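A.B. asks: First, the structure itself, so that you have it in front of you.
Please treat every number below as a calculation from the coordinates, not as lab data. Note that the structure is a prediction, hence the values are computed from the model and not measured. So basically every Cβ, Gly included, is an ideal-geometry build from the backbone, and we count neighbours across all protein chains shown.
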Amino acid sequence: MNLKTLVWRELAERPSAMLTSTLTILLGVTALVAIRHVTVFSEREVGQQLQSLGANVLVLPKDATLQDYYSADLTERTLPESHVASILLENLPGVERLSPKLCVSAKVANRDVTLTGILPQSEFQAKAAWQSVSLFSNKHEGCKKAACGPKTYDAAPESLASERTIDQLKDNEAIIGADVAEFSALKPGQTVELFGEKLQVLAVLPRTGTVDDSRVFAHLHTVQRLTNAGEVVNAIEVMGCCEDAAGGLVPKLAELLPDAKVVTISQVVSTQVGINRLMSQMSLFVLGILVIVGGASVASTISSNVRERRREVGTLMALGATPSLVTRMFLLKAWTLGIVGAVGGSVLGLIVAMVLGAHWAGVTVKPLPGLIALSIGAALVITTLAALWPARSAAKLDPCCCFQEV
Amino acid sequence: MFHLQDITKVYRRRQEEVVAFKAASLDIGLGEYVAVVGPSGSGKTTLLSMLGGMLSPDTGKVWFEGESLYDLPVTARTQRRRERIGFVFQTFNLVPYLTALENVQVPLFLHGVSKSEQRDRAVALLEQVGLGNRVEHKPSELSTGQQQRVALARTLANNPRLILADEPTGNLDPDSREAVLSMFDNFVREGRTIVMVTHDPGAAARASRRLCLNDGMLVMPEESRTTKAA
Ligand SMILES: Nc1ncnc2c1ncn2[C@@H]1O[C@H](COP(=O)(O)OP(=O)(O)O)[C@@H](O)[C@H]1O
Ligand SMILES: [Mg+2]
């Protein structure tokens, strides 16, 4: 026999007495854990999207939508390739790299892939030298990035996956995404046939989990030639040296290219950022509900339990229980229901987040131990504070009530 | 064992004052078997509570084995009760959701006895009161007589030198009543002390001394002092 068994025996005998407040805590923690998990992973996803594209500005055809850009399905609408040179010659402050793209549908091993034409950075160097422009050396005002300006590019073609630009790519070379490599069983050094022409596979990109996995990258001019598209592109990605640069670049680019649509990536994700902010506020609201409703429920459960057990408390005191032991006994009851509610709520909340996160927000949710620990901690602090007053009132009960007849 | 000095205990309720207990002086010696008798509401339970360190008097002092009980801090008073006093209640006051064994373990646990020793001693005590085959029963599964015997085992758990009993036979059938009273006889025979509130003349007759209460006052306390025939 110890305090734990004493409390357990009572709760086991009549679990229904504590059910309501346990459920209240459980539901509160469920909502908190679920909303926070979805928010955190949704924010991460936005962050990743932003990062994967750098502090980017997109130059798109006037009537193109961002969805078109994302689905890499821009064959209908194009921009003249000469825009790339215009931007280059303007030498706008904060521009670090340019990446024009032309995407077309193609077939590899009888499967649909997106053939994306890109321009290797070496061609910009050449063009810049020819135009006697110092390439991308113009710092924008207040640039926080130390090394703004020309970068030493990683020569490995695989860097395309993370850097989104490539240093060298010959006319007859292609780089394939991980999915394409998998279903076509192509390896570097082999050739892939596209529009009747054989291109040599230069590299297979590491898996990124994005549409890039099912792309075949080739030289922009090769794609233009093979598809008879002319000197056009679907989009020009402009990489600013930092986040601040992007905002300043938009009006300048819009002025420079009146027939194009200029947007920042943060605009692309702004809806999701808004939803995330709403969910953050929602989780604060849920925490408030948990504190008020959960706390009140625990307080009332424990006080009514104290009232119900008056004679028993008196008897325990007659048998030699100190007031502090009586307090601890009722706090332990509160903690038991708090722990059951918090742990149950965490598990349920996690399940809800994993199911609904995938369904509603399209994010993959994984358990965040820190967040779960924090929620359980918060629930326990709430139950403790709520139970403190009734538990101490139990210690002040008159032990003489043990003599009362029932 | 006890020395009560200028004790008054008054309950106030809506301007109305009830003198629950009043005594200029009262001594209870070691090894005495005291029966407290009197009509309902005469202050018997009040007296018992004050002796047990659970109710502080408005005036006066309760000396228990040389210490003024109500000048001790609550924890010390609780400790005296835990180590030296056993209570017997009219309605047994067993914890309903604990088994007989666990009920007997409660005072041992409060005393800080280790788990295995708690068990061994509780089993021995239950065997002593003839309930060795009922250890896993809950109070609701026991007859009233058996419940009172579990309560007695619990009372004896910490080997008290004093028993304070409030109408211990009030709810019992004749056999169980006899079992309780003969256990009390044994307890006193070992030189220990009992103060028992009772309405039962037969029980009172077995005590070595009788205290009569009326409206909170002791009536002819010394007159009723008898020496039990050997
Ligand atoms: N907690 C209390 N509040 C007010 N009055 C009380 C309280 N306890 C006892 N009394 C009063 O004190 C008197 C003595 O009570 P008690 O000692 O319980 O009597 P007995 O046990 O002899 O029946 C009674 O008049 C009773 O009404
Ligand atoms: Mg009484």
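A.B. asks: Which is within 16 Å of ligand 1 (Cβ to nearest atom), out of contact with any helix residue (DSSP H, G or I) (no Cβ under 7 Å at 6 or more places or on another chain) and outside any helix (DSSP H, G or I), of B:GLY170, B:GLY191?
C.D. replies: After ruling out the rest, the residue left standing is B:GLY170.
A.B. asks: Return the pairs, sorted by first residue and then second, in which the second residue is surrounded by 16 or more Cβ atoms within 10 Å (Cβ to Cβ) and small (Gly, Ala, Ser), the first residue lies in region A:386-406 and is within 13 Å of chain B (Cβ to nearest Cβ) and part of a helix (DSSP H, G or I), the beta carbons are less than 6 Å apart, and the residues are 6+ apart or on different chains.
C.D. replies: Close Cβ pairs (under 6 Å, with a partner that is surrounded by 16 or more Cβ atoms within 10 Å (Cβ to Cβ) and small (Gly, Ala, Ser)) amount to A:PRO399/A:GLY314; A:PRO399/A:ALA318; A:CYS400/B:SER49; A:CYS401/A:GLY314; A:CYS402/A:GLY314; A:CYS402/A:ALA318.
A.B. asks: Could you please tell me which pairs satisfy a Cβ distance under 6 Å, a separation of 6+ or placement on different chains, a first residue in region B:29-52 that is more than 23 Å from B:GLY191 (Cβ to Cβ), and a second residue that is more than 8 Å from ligand 1 (Cβ to nearest atom) and in a helix (DSSP H, G or I)?
C.D. replies: From residues that are more than 23 Å from B:GLY191 (Cβ to Cβ), the pairs are B:VAL37/B:ALA204.
A.B. asks: Let me ask another. Condition first: more than 17 Å from B:SER176 (Cα to Cα) and surrounded by fewer than 22 Cβ atoms within 10 Å (Cβ to Cβ). Now tell me which residues in region B:111-132 satisfy that.
C.D. replies: Across region B:111-132, the qualifying residues are B:HIS111, B:GLY112, B:VAL113, B:SER114, B:LYS115, B:SER116, B:GLU117, B:ARG119, B:ASP120, B:ARG121, B:VAL123, B:ALA124.
A.B. asks: A follow-up question, please. Run B:ALA76 past the list (1) more than 7 Å from every other protein chain (Cβ to nearest Cβ); (2) touching a residue at least 40 places away in the same chain (Cβ under 8 Å) and report the number of the one that doesn't hold.
C.D. replies: Only one criterion in (1) more than 7 Å from every other protein chain (Cβ to nearest Cβ); (2) touching a residue at least 40 places away in the same chain (Cβ under 8 Å) is unmet by B:ALA76, namely (2).
A.B. asks: Kindly check whether there is at least one residue in region B:50-57 that is away from ligand 2 (no atom under 16 Å from the Cβ) and surrounded by fewer than 22 Cβ atoms within 10 Å (Cβ to Cβ).
C.D. replies: Yes, there is a match, as at least one residue in region B:50-57 is away from ligand 2 (no atom under 16 Å from the Cβ) and surrounded by fewer than 22 Cβ atoms within 10 Å (Cβ to Cβ).
Matching residues to (1) away from ligand 2 (no atom under 16 Å from the Cβ); (2) more than 14 Å from every other protein chain (Cβ to nearest Cβ); (3) more than 28 Å from A:THR322 (Cα to Cα):
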{"residue": "B:PHE21", "(1), (2), (3)": "no, no, no"}
{"residue": "B:LEU30", "(1), (2), (3)": "yes, yes, no"}
{"residue": "B:ALA35", "(1), (2), (3)": "no, yes, yes"}
{"residue": "B:SER40", "(1), (2), (3)": "no, no, yes"}
{"residue": "B:LEU47", "(1), (2), (3)": "no, no, no"}
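A.B. asks: Quick one: which residue in B:GLY41, B:GLY66, B:GLY31, B:GLY60 is at positive phi and surrounded by 16 or more Cβ atoms within 10 Å (Cβ to Cβ)?
C.D. replies: Every option except B:GLY60 fails the conditions.
A.B. asks: Just to be sure I understand the filter: pairs with C-beta atoms under 7 Å, separated by 6 or more residues or on different chains, first member in region A:292-320 and charged (D, E, K, R), second member crowded, with 23+ Cβ neighbours inside 10 Å. Which pairs pass?
C.D. replies: Going by the 7 Å Cβ cut-off, the qualifying pairs are A:ARG311/A:CYS402; A:ARG311/B:ASN93.
A.B. asks: Does A:ARG328 satisfy being away from ligand 1 (no atom under 16 Å from the Cβ), more than 20 Å from A:GLY28 (Cβ to Cβ) and surrounded by fewer than 19 Cβ atoms within 10 Å (Cβ to Cβ)?
C.D. replies: It is true that A:ARG328 is away from ligand 1 (no atom under 16 Å from the Cβ), more than 20 Å from A:GLY28 (Cβ to Cβ) and surrounded by fewer than 19 Cβ atoms within 10 Å (Cβ to Cβ).
A.B. asks: Hey, can you tell me all the residues within region B:49-73 that are more than 8 Å from ligand 1 (Cβ to nearest atom), within 14 Å of chain A (Cβ to nearest Cβ) and of a type in the set (Ser, Thr, Tyr)?
C.D. replies: Across region B:49-73, the qualifying residues are B:SER56, B:TYR70.
A.B. asks: Does A:ALA342 qualify as being assigned to a helix (DSSP H, G or I) and small (Gly, Ala, Ser)?
C.D. replies: Judged against the criteria, A:ALA342 is a match.
A.B. asks: Moving on. Please determine whether any residue of region A:311-330 is in a helix (DSSP H, G or I) and more than 14 Å from chain B (Cβ to nearest Cβ).
C.D. replies: So far as region A:311-330 goes, yes, one or more of its residues are in a helix (DSSP H, G or I) and more than 14 Å from chain B (Cβ to nearest Cβ).
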